[in-house]
Amino acid sequence: MASFGAALDALPHPLLAYCRTGTRSVTLWSFWEARKRPMPEILAATKAAGYDMNGVARRLANGGQTPTDTGDAHFEVVIVGAGAGGISVAACLKSRKPQLNIAVIDPADIHYYQPGWTMVGGGIFDAKTTAKTMGSLIPRGVHWIKSAVAAFEPENNAVILDGCRVVKYDRLIVCPGLKLDWAKVEGLEETLGRNGVTSNYRYDLAPYTWELVQEMKSGRALFTQPPMPIKCAGAPQKAMYLSGDAWFRGGVLKDIDIQFMNAGGALFGVKDYVPALQEYVDKYGATLNFIHNLVSVDGPAKKAVFDVCKLDAEPSRVEAEFDMMHVCPPQTAPDFIRVSPLADAAGWVDVDQSTLRHQSYDNIWSLGDVMNAPNAKTAAAARKQAPTVADNIVADIAGGSAVAQYNCYGSCPLTVERGKIVLAEFGYGGALKPSFPRFLLDGTRPSRAAWFLKETLLPPIYWKAMLRGKEWMAKPERLKVAAGR
Ligand SMILES: Cc1cc2nc3c(=O)[nH]c(=O)nc-3n(C[C@H](O)[C@H](O)[C@H](O)COP(=O)(O)OP(=O)(O)OC[C@H]3O[C@@H](n4cnc5c(N)ncnc54)[C@H](O)[C@@H]3O)c2cc1C
């Protein structure tokens, strides 16, 4: 603002400021002028120019800062994000302390069961079964503030919403998921959903994956995987296996060249599952291309470009033609988290890996994809994290220290063919954490039992148990080592 103001004062008038819509120029002008002009004059001048600055009036009146000493609302617990983690933790808290005054903040109308999108892309689920209205899922007695959080002021126990409303809290839980960074791949956004380019990472695109698979009788299919961390690290190859299986069953597999373009250096991060997966790679005749990172797409020309960074060699670029391409987008922490005081150096919310309490702010906890514990970013992980956070917050309210620890569980049901799954269940460092005895379900081998779990049991477990605070097979472990705080 200072340099904009200096230019305003120094340059001859009339003066033209440029930005894409004019909003940023008008906002900067308003903040600069607010130092010397009365607010109503600024609001009137900007309104006459076609811009409504009422939304930032509080900041204008406060020298560019949103005042957070007094809030527009106050709750004992505020939860940012009503996804898998947010709704679950709200329900877990309500089941422990029904009188607790809780608000969930989320701008979305619809809540998605994202683990179902792999099945949509494989022609098994109807997309509609993976979506429900947000209002129908917020637990009874929990306030829903339908807005996006723009910034955090942890020193003042306040979050600032888009439009500058301020919500104050005693305790905060941060779980807005992660950002799918489609724009990082040049040309991708323009061609998604067209020209044979699809992704199971979006509700509206997963049905297009199945459409393409059914149409394809010959040619080349690319399946991309970006650098880690990503949510459901197995999803890119799940799309490949289910497509390969459909082509196998349709008798066209021999005419289809499947290429897996993986920015990483291994088929799967936990080695125990690799032999079973490799058998399916071989069955579908897929070529594994490691350290191939998608950087640009030309949809109409059906060409994709990858950066290849081999050890001890100059980085190179390779181009690949395709008839169909399934893209898993690059993923980062959301922008408003990355720039906040809650983030670690990589942008993720910085928590204690056991208690999920923030490393610097004692009244903040985090769960789900947004935080920096090194577990697999999955709904299965959030299912175990929610009761842990709830137990620790209840203990904190009672004046005690943390009592529960997250056991680092994450799970990835790898749909290797229609009817069979390799059920990867593991914790920090790749330690196996099977839920069932081996004679019942051996996760390292493809099984029909695991498919039954994914197709028939897990969706109702998600909607009717996890999101309603029923903690089946999700009881938190007692904290073994005193957390010290
Ligand atoms: C294709 C695919 C397949 C998957 N397969 C599996 C699987 O088989 N098994 C499994 O366990 N997991 C799977 N996952 C991963 C799983 O869906 C996520 O790990 C899980 O949803 C994370 O929960 P979350 O609460 O952290 O984030 P989300 O569920 O993504 O929810 C985040 C919420 O935060 C809200 N939000 C965002 N920004 C703001 C803001 N500024 N202010 C307020 N609210 C905000 C959003 O609107 C959203 O409602 C899969 C995901 C995908 C995409």
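In loop segments of the stretch 296-328 as defined by DSSP, the trypsin sites (Lys or Arg not before Pro) with at most 11 further C-beta atoms inside 10 Å of their C-beta are Lys310. Binning all Cα-Cα separations of the stretch 223-372 at 10 Å, short to long from zero, yields these whole-percent fractions: 10, 31, 30, 20, 9, 1.
Using only side-chain charges placed at the Cβ, +1 for Lys and Arg and -1 for Asp and Glu, the dipole size of the chain relative to its Cα centre rounds to 1300 debye. In terms of surrounding Cβ atoms within a 10 Å radius of their Cβ, Thr444, Thr70 rank from fewest to most as Thr70, Thr444. Take the Kirkwood radius over Cα pairs of the chain, plug it into Stokes-Einstein at 37 °C and 0.692 mPa s, and you get 134 µm²/s for translational diffusion. For the chain, take the longest principal axis of its alpha carbons; what is the angle in degrees between that and the long axis of helix 379-397, to the nearest 10 within 0 to 90? The helix 379-397 is inclined about 40 degrees to the chain. Relative to its Kirkwood radius, the Cα radius of gyration of the stretch 43-188 gives an Rg/Rh of 1.06. Only one residue of Ala82, Ser360, Thr224 has its Cα farthest out toward the positive end of the dipole of the chain, where Lys and Arg carry +1 and Asp and Glu -1 on Cβ, and that residue is Ala82. Shape summary of the stretch 1-52, radius of gyration then Dmax from alpha carbon positions: 10.7, 27 Å.
Computed from Cα atoms, the angle from the helix 84-96 axis to the main principal axis of the chain rounds to 70 degrees.
Dipole check for the stretch 180-329: with +1 at the C-beta of Lys and Arg, -1 at the C-beta of Asp and Glu, and the Cα centre as origin, the magnitude is about 280 Debye.
Each of His74, His326 was scored by other Cβ atoms within 10 Å of its Cβ. Listed from fewest to most, they are His74, His326.
Taking the centroid of alpha carbons for each part, the stretch 105-176 and the stretch 363-411 are 17 Å apart. Beta bridges assigned by DSSP with both partners in the stretch 180-329 are antiparallel in approximately 45 percent of cases. By the Cα gyration tensor, the stretch 173-310 has an equivalent ellipsoid whose semi-axes, rounded to whole angstrom, run 22, 20, 16 from largest to smallest. When the helices of the chain are scored as -39500 (n - 2.57) per DSSP H run of n ≥ 4 and the total is divided over every residue, the value at 222 nm lands at -7000 deg cm²/dmol. Note on Lys238, Lys128, Lys454: ascending count of other Cβ atoms within 10 Å places them as Lys128, Lys454, Lys238, the fewest first. Taking every DSSP bridge with both residues inside the stretch 232-317, close to 75 percent are antiparallel. The angle between the Cα long axis of helix 274-283 and the main principal axis of the chain comes to about 70°, on a 0 to 90 degree scale. The antiparallel fraction among DSSP beta bridges confined to the chain stands at about 50%.
In the stretch 299-380, one over the average inverse separation of all distinct C-alpha pairs is 15.9 Å, which is the Kirkwood hydrodynamic radius.
Considering only alpha-carbon pairs that sit under 8 angstrom and 6 or more positions apart, the relative contact order computed for the stretch 180-329 is 34 percent. Among residues other than Ala49 with Cβ under 14 Å from its Cβ, the summed charge is -1 (Lys and Arg +1, Asp and Glu -1).
Here, each number is a calculation from the coordinates, and none is a lab measurement. Because the structure is a prediction, the values reported are computed rather than measured. So basically every Cβ, Gly included, is an ideal-geometry build from the backbone, and we count neighbours across all protein chains shown.
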